[in-house]
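The values are calculated or read from the model by the stated rules, or taken from the named source; none is laboratory data. Treat the numbers as computed from the prediction; the structure is a model and nothing was measured. Note that we place each Cβ from the backbone using ideal geometry, even for glycine, and neighbour counts take in every protein chain shown.
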Amino acid sequence: MSTNTFENINKKTVYGPVKSWRFGQSLGIDPLFQTSICSFDCIYCQLGKIQNLTIKRDVYVKTEQVLEDYREVIASNTIVDVITYSGSGEPTLALNLDEMIKGIGKLSPTIPQNILTNATTLHLPEVRKTLLSLDKVIVKLDGPTEQLMKTVNRPAEGVSFESIIEGIREFRKIYNGALEVQCMLMPLLEKDFEQFFEIMKSFNPNLVQFNTPSRPYPSSWHRENRGNHELIFDYKVNWLKELDKTDFEAMSKVFSEQTGLKVLIK
């Protein structure tokens, strides 16, 4: 794997930075790290098959390990435009996420901190409180029904669509930062797409980003696929069927017109 440019950046809890088309040089923080740990096992996940499908919140990586890895990055004068909590699964499953956010904030108070979350823990008041200090919270929402969630996201036992939506709504009431939604538009969503309109309007995100599964997913877990936007692989990967470009753009346009929300497509 010596030719893989992601070999060296994926051995620690802090990885990258990777070039994001939206955020510039995004430095990834992985509060889980030891293996893939998530409350979803999405059919398109770039991490491959999730090793630990759970809704249990725990300390998976010591806070000091993350801060030590982060200090190494900033000591090297690496250019960082934004810090993003994501990594090897659902970052809010880390019980010590609040400590990480505060610790990195003290080390680099001028660098924005964002998180990518599937919102499965936002029904918990302590999680909502932790995320309040972040500059941007980006939640995943791939469909407007329980059935679509079970088909696309394959959640851990105990996760309900209703609790996710209610958690996002409650968080929106108290959060002053930018709330964004990422949605993976797939062919099986088309027939239920209109149900999305009222749901999205109910928590009024600053931006809705529609994606298609343009990146393949590995057959098994590979840590080095965190932040891999370069499509560099030396292991087996699979591709999902994408929406036709015309249909994708049409659905995005209809959504924008019907909801009045700002939409970004990729």
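Checked against the criterion of being touching a Phe, Trp or Tyr at 6+ places or on another chain (Cβ under 7 Å) and either at pLDDT 95 or above or among the small types (Gly, Ala, Ser) (or both), the candidates Asp81, Asp98 yield just one match: Asp81. Screening the stretch 10-49 for residues that are in a strand (DSSP E or B) and among the hydroxyl-bearing types (Ser, Thr, Tyr) and picking the one that is farthest from the chain's Cα centre (by Cα) gives Tyr15.
Within the stretch 70-95, the set of residues being surrounded by 20 or more Cβ atoms within 10 Å (Cβ to Cβ), touching a residue at least 60 places away in the same chain (Cβ under 8 Å) and either assigned to a strand (DSSP E or B) or of a type in the set (D, E, K, R) (or both) comprises Thr84, Ala94.
Across the stretch 164-191, which residue is nearest to the chain's Cα centre (by Cα) among those that are under 16 Å from Asn153 (Cα atoms) and part of a helix (DSSP H, G or I)? Spell out the reasoning first.
Initially, the stretch 164-191 is screened for residues under 16 Å from Asn153 (Cα atoms), giving 164-165, 181-189.
Narrowing the set further to residues that are part of a helix (DSSP H, G or I) leaves 164-165, 187-189.
Working: Ile164: 14, Ile165: 16, Pro187: 21, Leu188: 21, Leu189: 20 Å.
It comes out as Ile164.
Each residue in the stretch 168-189 was checked for being among the acidic types (Asp, Glu) and crowded, with 19+ Cβ neighbours inside 10 Å, and 1 of them qualify. Regarding Ile74, is this residue among the aliphatic types (A, V, I, L, M) and farther than 30 Å from Pro187 by Cβ? So Ile74 fits the description; yes.
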